[in-house]
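The values are calculated or read from the model by the stated rules, or taken from the named source; none is laboratory data. Since the model is a prediction, treat every value here as computed from it, not as a measurement. All Cβ positions, glycine included, derive from the backbone under ideal geometry; neighbour counts span all protein chains shown. Surface areas here come from the heavy atoms of the whole protein model, side chains and all, with no ligands, DNA or RNA. Shrake-Rupley method; radii C 1.70, N 1.55, O 1.52, S 1.80 Å.
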Amino acid sequence: MKSARQMGLVACQYCTRVWPGGTRVCGHCGHHIASRDPMSLQKVWGLWTVGMMCYIPANIYPMLDTHTLVSDQKNTIVGGALELGQHGSWGIAIVILVASVLIPVGKFIVIAALAFGVTSGSRLKPHTRQVLHEVVEYVGRWSMIDVFVVAILSSLVQLGTIASIQPGRAALFFALSVFFTMLSAQAFDSRLIWDAEVPPPEDLRASDDFGPVSQITPDTTFDFPFSAGAETLTVAGPDDRRADPPFTDPQTRKDSPT
Amino acid sequence: MTSDVTLSDLSQPATRAGASAHASPTRSAADLAALIACPRCDAVFRMVEPANNQRAICNRCHHVLVAPRLRAGKRIIAVQLAILILLVAASAYPFLSISTKGLKHSSSILDAALAFTSDGALAALSFVLAGLIVFIPAARAILSIYVLAPLTLDRGPFRGAAFAFRLSEHLRPWSMAEIFAIGCAVALIKVADLATVSFGPAFWMFSLLVLLVVVQENLACRYSIWKALGA
Ligand SMILES: [Zn+2]
Ligand SMILES: [Zn+2]
């Protein structure tokens, strides 16, 4: 297995094409490309720190400000969840604690561990670290659910003196914290995880002869929905498959203006 | 800046070789076009086109590189149109309504997005939320249709299609309509003991939207779209 960097090439992470080393703009999709962004880890740490700094006030300030006939209370994230628990609804309390405490804190830990793993090596397998990165990227957006719930509650519960809910300062800080951790996870270049396995060649010269390149093998057949990799499912018949490709191949399209 | 050196190194042997000076770069370019690099781990493979409903998976990190679908273009356009219509329709109708002791209040998606306008600093958040819930998903739908419509009709891509597709890919993590839909369900449970809550039509539209987003994610294959866009 050879990486594009080992071969003296630059890969485009958007359209998967490869270009000679030193290319700065992908000739296929026009995206800015770089073999490795030397600032990648600095960006990760910078955004990580800002995200962390926003997460602290998000837990100190009140998230919700509830007025009812009998009471007037301001709840922080954790306080609100614990109160829900005391009222007997431990189910939602756990959902809220997982979404707004466990997941954000877990994200901070995982991103920090990934960045440390690149600079000082990691005991985890590259594949495990890659999965962790994908999970953080996927789960990160879902932390916004708490901000949405606050927005929904404060627009919905407007019943004058009987009950009304106002959003608290913490909602803003929490949203900022989610944004910055999302950006931090995106700034992490997962190719760095794999670079430790194959150190770059001593001179990065691109030669005409790459040597043998492993061939990609389309193997797993799957069918929609949700059964990726299932072998029992049948794929559309061979005629069907040949008949209608997803898009017309530009090579066979004579009228295309290029 | 080692990369700059690399570029000149590539051309130097060709210039010295004289006669083969012109032949070498073109052969190299054709060679490169036959290769594919995993965006996650940088492993390079020689491309073998998978058939529809087959996947090409990176041997090193198991990232799915190519997953073409039968008539994916038309199906994505249909799904994105449905998402667009649902977003517009859902913005107008209430998604939750609450009633207690004779008082009644219902709230639409734009009401929820604009819930923070009472406070100066929080007002900025309102516009961001409106973007995440309604405008970014709508923009993605419009961009996808703009990119894919001419391709499915066997015509050349529209002007700026590559830029439109890149923009749509960048917006992907920031399109949060489906998260908002789940947020509705959580909010409902939270106020259930405070008052009687009922779902409005927009709630059901957003539930359908969650499903459509999943379908759309399953159909989209970046590689196939870039290939069809040509260059
Ligand atoms: Zn590209
Ligand atoms: Zn890979």
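Quick look at the numbers
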| item | result |
| --- | --- |
| Residue among B:Leu132, B:Leu70, B:Leu103, B:Leu86 that alone is more than 16 Å from ligand 2 (Cβ to nearest atom), open to solvent by 40 Å² or more (accessible area, probe 1.4 Å) and either more than 25 Å from A:Gln6 (Cβ to Cβ) or at the interface with chain A (Cβ under 9 Å from one of its Cβ atoms) (or both) | B:Leu103 |
| Failed condition for A:Phe188, given (1) within 22 Å of B:Cys41 (Cβ to Cβ); (2) within 7 Å of another protein chain (Cβ to nearest Cβ); (3) open to solvent by less than 60 Å² (accessible area, probe 1.4 Å) | (2) |
| Failed criterion for A:His87 (all others in (1) more than 16 Å from ligand 1 (Cβ to nearest atom); (2) at pLDDT 85 or above; (3) open to solvent by 30 Å² or more (accessible area, probe 1.4 Å) hold) | (2) |
| Scope region B:35-51; condition in contact with a Lys or Arg (Cβ under 6 Å, 6 or more places away or on another chain) and not in a strand (DSSP E or B); matching residues | B:Cys41, B:Asp42, B:Ala51 |
| Filtered residues of region B:106-122 (kept if surrounded by 14 or more Cβ atoms within 10 Å (Cβ to Cβ) and of a type in the set (Gly, Ala, Ser)) | B:Ser106, B:Ser107, B:Ser108, B:Ala112, B:Ala113, B:Ala115 |
| Residue match in region A:94-111 (condition: over 19 Å from A:Val139 (Cα atoms) and in the same structural domain as A:Val136 (by TED's automatic domain parsing)) | no |
| Sole residue being at the interface with chain A (Cβ under 7 Å from one of its Cβ atoms), within 16 Å of ligand 2 (Cβ to nearest atom), surrounded by 16 or more Cβ atoms within 10 Å (Cβ to Cβ) and of a type in the set (A, V, I, L, M, F, W, C), chosen from B:Leu96, B:Leu65 | B:Leu65 |
| Any hit, region A:18-36, residues being surrounded by fewer than 17 Cβ atoms within 10 Å (Cβ to Cβ), of a type in the set (D, E, K, R) and more than 10 Å from every other protein chain (Cβ to nearest Cβ) | no |
| Subset of region B:135-171 (residues that are at the interface with another protein chain (Cβ under 10 Å from one of its Cβ atoms), in contact (Cβ under 8 Å) with a residue 12 or more places away in the chain and under 25 Å from A:Val147 (Cα atoms)) | B:Glu169 |
| Checklist (1) closer than 30 Å to A:Lys74 by Cβ; (2) open to solvent by 30 Å² or more (accessible area, probe 1.4 Å); (3) more than 10 Å from chain B (Cβ to nearest Cβ) applied to A:Gly160, failing item | (3) |
| Candidates A:Phe148, A:Phe174, filtered to the one that is farther than 17 Å from B:Ala177 by Cβ, open to solvent by less than 10 Å² (accessible area, probe 1.4 Å) and among the aromatic types (Phe, Trp, Tyr) | A:Phe174 |
| Subset tally (residues that are open to solvent by 30 Å² or more (accessible area, probe 1.4 Å) and either without any contact (Cβ under 8 Å) to a residue 12 or more places away in the chain or more than 16 Å from ligand 1 (Cβ to nearest atom) (or both)) for region B:30-50 | 6 |
| Spans of helices (runs of 4 or more DSSP H) in region A:1-117 with at least 1 residues more than 16 Å from ligand 2 (Cβ to nearest atom) and closer than 19 Å to A:Arg129 by Cβ | A:40-60 |
